[in-house]
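Below is one structure, written out as structure tokens, with a few remarks after it.
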Amino acid sequence: MTNETQANETQFNQNYYSSELTQFANSMQDNEDIEKALNFAAPIVFVARRFEYKKIADNDTFFSESDDIRTVGSSFKHIDFNGETVQAKTFNKGLTVRVDTDDIAGGDWEARYVYALKNRLCCNEYRRTIKAFVETIKAAQKKAKKQIVEPEAWTGEKAQPDADLRNAVLAARSDYGFSPNRLLFSEGAWYLRQDCYASQNNAGARIAAELSREALAEKLLVENVQLIKQVHLGLQGKELEGDEIFAFYAQNGLLKDEPSAVKRFVTPFDDGQLFRVYVEPHTKYTDITVEHYSNIVVTSGTNILQIKVKGA
């Protein structure tokens, strides 16, 4: 019998810290799929427990200087990141699983539970990220710029899904003042695009139906196209209706004040690791805990555009 609970920051005893399992948790290769998806939608930024960041103002995302040449006897121009300064902190997040002694099997049983806990924690983070996208668009509906594009139905011989996507990217540049470099498809929207092209009786449509996401990204002149996989959202992932595509701006490896639609602020532990593992043995059961520190923040809400598609 196993029982999973929320980890409590105050209950951890350093005597139960497991260096070996902590190393395992931070080097898991099989977990890369969800972590890559998470970093695609909300790039990771390292910060202290308490920090401040810039919430980017409208139309202030892309800026470059023309006066970066130093004259003799003078200093270089000083720059500043514009936007509202916001105070924040990372939150201690974690999960504990209680493993009954009678359920222990195999020499690697502890590692398998660590794998499951870390995977669930990453899925929780991803669900929070997608919810941030959805809530940003909902909030935008109350403003003059709705940040949503609704093309004609993706059905019939005349439908051109990829042209609609290209026009949405161009609309983001001309109407909303930002240049999307990433597209995030719900699974339903991706299937709808494929089905639309597959139903059309011409060679070009058949080629389009078989395009990989990498090829579609190149066609649209964006960095990458990814799917929001339901397996990453878990059973509680009710945020999506299934017809959403998000066009947004993000970059990996950013400073905390550089523009990006959503960021995942993370505080490493003193040893530089992002996750820690504790193993607390008892007479008839063992508690295994995985913890980390993070905060998912919409730092530039105007850098997200939703493309809401529909079928017949």
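The values are calculated or read from the model by the stated rules, or taken from the named source; none is laboratory data. Computed from a prediction, not measured in an experiment: that's the story for all the values here. Using ideal geometry, Cβ is built from the backbone for each residue, glycine included, and neighbour counts are taken over all protein chains shown. In case anyone asks, the SASA skips ligands and DNA or RNA and just uses the protein heavy atoms, side chains included. Shrake-Rupley method; radii C 1.70, N 1.55, O 1.52, S 1.80 Å.
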Any residue in segment 262-289 that's in contact (Cβ under 8 Å) with a residue 40 or more places away in the chain and within 12 Å of T22 (Cβ to Cβ): show its pairings with residues that are hydroxyl-bearing (S, T, Y) and part of a loop (DSSP other than H, G, I, E, B) at Cβ separation under 7 Å, as long as the two are six or more apart or on different chains.
-> V277/S18; Y278/S18; V279/S18
For segment 178-199 the number of residues that are open to solvent by less than 30 Å² (accessible area, probe 1.4 Å), part of a helix (DSSP H, G or I) and not aromatic (F, W, Y) is 3
Sole exception among (1) more than 21 Å from A37 (Cα to Cα); (2) open to solvent by 50 Å² or more (accessible area, probe 1.4 Å); (3) assigned to a helix (DSSP H, G or I) for E135, by number | (1)
Do we find that S174 is at pLDDT below 95, part of a loop (DSSP other than H, G, I, E, B), out of contact with any His (no Cβ under 9 Å at 6 or more places or on another chain) and hydroxyl-bearing (S, T, Y) in this structure?
-> no
If you check P180 against the conditions, is it under 25 Å from Y126 (Cβ atoms) and in contact with a helix residue (DSSP H, G or I) (Cβ under 8 Å, 6 or more places away or on another chain)?
-> yes
Which condition number in (1) closer than 19 Å to L305 by Cβ; (2) among the aliphatic types (A, V, I, L, M); (3) open to solvent by 30 Å² or more (accessible area, probe 1.4 Å) is the one that I228 fails?
-> (3)
When both residues are 6+ apart or on different chains and their Cβ atoms are under 6 Å apart, which pairs have a first residue that lies in segment 188-214 and is on the phi > 0 side of the Ramachandran plot and at pLDDT below 95, and a second that is among the charged types (D, E, K, R) and open to solvent by 60 Å² or more (accessible area, probe 1.4 Å)?
-> none
Those residues of segment 257-271 that are open to solvent by less than 20 Å² (accessible area, probe 1.4 Å) and modelled with pLDDT of 95 or more come to a total of 5
Kindly indicate which of L233, L274 is under 18 Å from the mean Cα position of the chain (by Cα), open to solvent by less than 60 Å² (accessible area, probe 1.4 Å), of a type in the set (A, V, I, L, M, F, W, C) and at pLDDT below 95.
-> L233
Has segment 138-155 got any residue that is over 30 Å from V277 (Cα atoms), in a helix (DSSP H, G or I), in contact with a Pro (Cβ under 9 Å, 6 or more places away or on another chain) and in contact (Cβ under 8 Å) with a residue 12 or more places away in the chain?
-> no
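Just to be sure, is G204 surrounded by fewer than 16 Cβ atoms within 10 Å (Cβ to Cβ) and either under 23 Å from the mean Cα position of the chain (by Cα) or farther than 20 Å from R128 by Cβ (or both)?
Numbers: surrounded by fewer than 16 Cβ atoms within 10 Å (Cβ to Cβ): yes; either under 23 Å from the mean Cα position of the chain (by Cα) or farther than 20 Å from R128 by Cβ (or both): yes.
Here the answer is yes, as G204 does meet what is asked.
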Could you figure out which of (1) in a helix (DSSP H, G or I); (2) touching a Phe, Trp or Tyr at 6+ places or on another chain (Cβ under 6 Å) isn't true of R98?
-> (1)
